[in-house]
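The values are calculated or read from the model by the stated rules, or taken from the named source; none is laboratory data. Owing to the predicted nature of the structure, the values given are computational and were not obtained by experimental measurement. We place every Cβ from the backbone using ideal geometry, glycine too, and count neighbours over all the protein chains shown. The area values use the complete protein model at the heavy-atom level, side chains included, leaving out ligands, DNA and RNA. Shrake-Rupley method; radii C 1.70, N 1.55, O 1.52, S 1.80 Å.
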Amino acid sequence: MLPGNVQTFVLRLSPGQDLRSALNTAFAQLQAEQDATAACIISAVGSLSRAVLRYANQPEGTLLVEPLELITLSGTLSLDGPHLHASVATAGGEMRGGHVMAGCIVRTTAEIVLAPLPGWVFTREHDAQTGFKELVARPAPGV
């Protein structure tokens, strides 16, 4: 991870790295170095050799194994793990998008800009209305 301006950090992932796992590792490093308890993805581009995306209202991820361009990646990083969505394009230009699951493997590179969010604590807690663990954003103690 390279320091950048205005508390941003740039990651360049290499072929074979798992996108979600690498972001977990990067956030753990931010926690250790800066006591970060919340972060978000500002920008991401790259390519994947395989993607596992969970489409809306589906219980399992869908595996895509082919050269894919990473068009967008957005999400939050919290003490309870990331919540990520991505859109990818096939070699023919068809778009797919959904919730990023483990198993999204970098093909040539992935360039990701992260921003720690000082003053915030992100957690995921069960929400009775949705039935899922949802984001809870709180001001950090002392802020």
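Annotations
- Criterion: over 25 Å from PHE122 (Cα atoms), open to solvent by 20 Å² or more (accessible area, probe 1.4 Å) and not β-branched (Val, Ile, Thr) - qualifying residue of ARG54, ARG12, ARG107, ARG20: ARG107
- Residues that are within 22 Å of VAL10 (Cβ to Cβ) and free of Cβ contacts under 8 Å to residues at least 40 places away in the same chain do occur in region 52-68.
- Taking the criterion of being open to solvent by less than 80 Å² (accessible area, probe 1.4 Å) and assigned to a strand (DSSP E or B), the residues of region 34-49 that qualify are ALA38, ALA39, CYS40, ILE41, SER43, ALA44, VAL45, GLY46, SER47, LEU48, SER49.
- For region 76-104, the candidate set comprises residues that are assigned to a strand (DSSP E or B) and open to solvent by 60 Å² or more (accessible area, probe 1.4 Å); within that set, the residue that is farthest from ALA137 (Cα to Cα) is MET95.
- Selection of region 10-33 for residues being in a loop (DSSP other than H, G, I, E, B) and farther than 16 Å from ALA102 by Cβ yields SER14, PRO15.
- Those residues of region 119-143 which are assigned to a strand (DSSP E or B) and among the small types (Gly, Ala, Ser), in sequence order: ALA137
- Check on GLY75, modelled with pLDDT under 95 and in contact with a helix residue (DSSP H, G or I) (Cβ under 9 Å, 6 or more places away or on another chain): no
- Residue tally, condition over 17 Å from GLY16 (Cβ atoms) and outside any loop (DSSP other than H, G, I, E, B), over region 105-118: 4
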